[in-house]
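Read through the structure below, which is laid out as structure tokens, and then see the notes.
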Amino acid sequence: MNSEARTFPPHPIRGVQAVYARQSSCPADFALVTVDFEPWEEGITFQVAADLDIPERDRSAFSQSDIATFQTALATGIREELAELGVGTTVAVSVILRSMRLHIVDSHPKAFQAVGHVAVRNALALAYGPSPGPQRRHA
């Protein structure tokens with residue numbers, strides 16, 4: 001494990017797509033977002049792009065209040081995942097939401113909170129490489 005101090009993100013990481021889709025129960029879960037992670041001042045800033053891409057069919061299926069709630073849940077998931085980085089990583093990031101896809105039945109705040117976690121994990125993999133998986137033991 002690398003013990004050097006680092007700052008996240010080390011450089012702009014743009015166009016990070018994350019999906020959280022679970023079809024194991026009814027209702028299911030669905031959230032799909034594209035976000036940018038930009039170096040910023042220490043801490044976490046979350047912004048919604050002025051030209052946020054949401055398909056018209058998705059916009060018409062949900063109220064502005066619902067969409068804002070999903071965006072807040074996404075920001076919460078991102079903050080939770082970044083808080084798990086722990087000692088040795090300074091978080092100095094502006095996260096910009098570029099696009100979101102919704103499902104009339106399966107999109108809800110918890111799905112967007114979960115996709116926030118996925119987005120951070122995807123960005124970390126792009127910044128530092130995939131995290132090591134479990135190691136197989138040899139007998």
Please compute the contact order of region 9-128 in relative form: average sequence separation of alpha-carbon pairs under 8 Å and at least six residues apart, divided by the residue count, as a percent. 44
Evaluate the distance, in nm, between pseudo-label points positioned 7 Å from the Cα of Q47 and of V105 along their respective Cα→Cβ axes. 3.8
Quick one: angle between helix 109-128 and the longest Cα principal axis of the chain, in degrees between 0 and 90, rounded to 10, please. 40
CD proxy at 222 nm, helix term only [per DSSP H run n ≥ 4: -39500 (n - 2.57); per residue of the chain; nearest 500]: -11000 deg cm²/dmol
Residue range of the chain that is longest and free of GluC sites (Glu not before Pro) which are both DSSP loop and sparsely packed (at most 15 other C-beta within 10 Å): 85-139
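Dipole magnitude of region 9-128 about its Cα centre, charges +1 at Lys/Arg Cβ and -1 at Asp/Glu Cβ only, in debye to the nearest 20?
Dipole magnitude for region 9-128 comes out near 260 debye.
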How much length is gained on full extension from E56 to Q17, taking 0.36 nm per residue of separation minus their Cα-Cα distance? 12.1 nm
What value in Å³ per residue do you get for the convex hull of the alpha-carbon atoms in region 1-76? 153
Can you give the Kirkwood hydrodynamic radius of region 9-128 from its Cα pairs, in Å with one decimal? 14.4
In degrees, nearest 10, range 0 to 90: what is the angle between the Cα axis of helix 64-83 and the longest Cα principal axis of the chain? 10
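Here, each number is a calculation from the coordinates, and none is a lab measurement. In this text, all values refer to a predicted model and were calculated from it rather than measured experimentally. Note: ideal-geometry Cβ built from the backbone for every residue, glycine included; neighbour counts use all protein chains shown.
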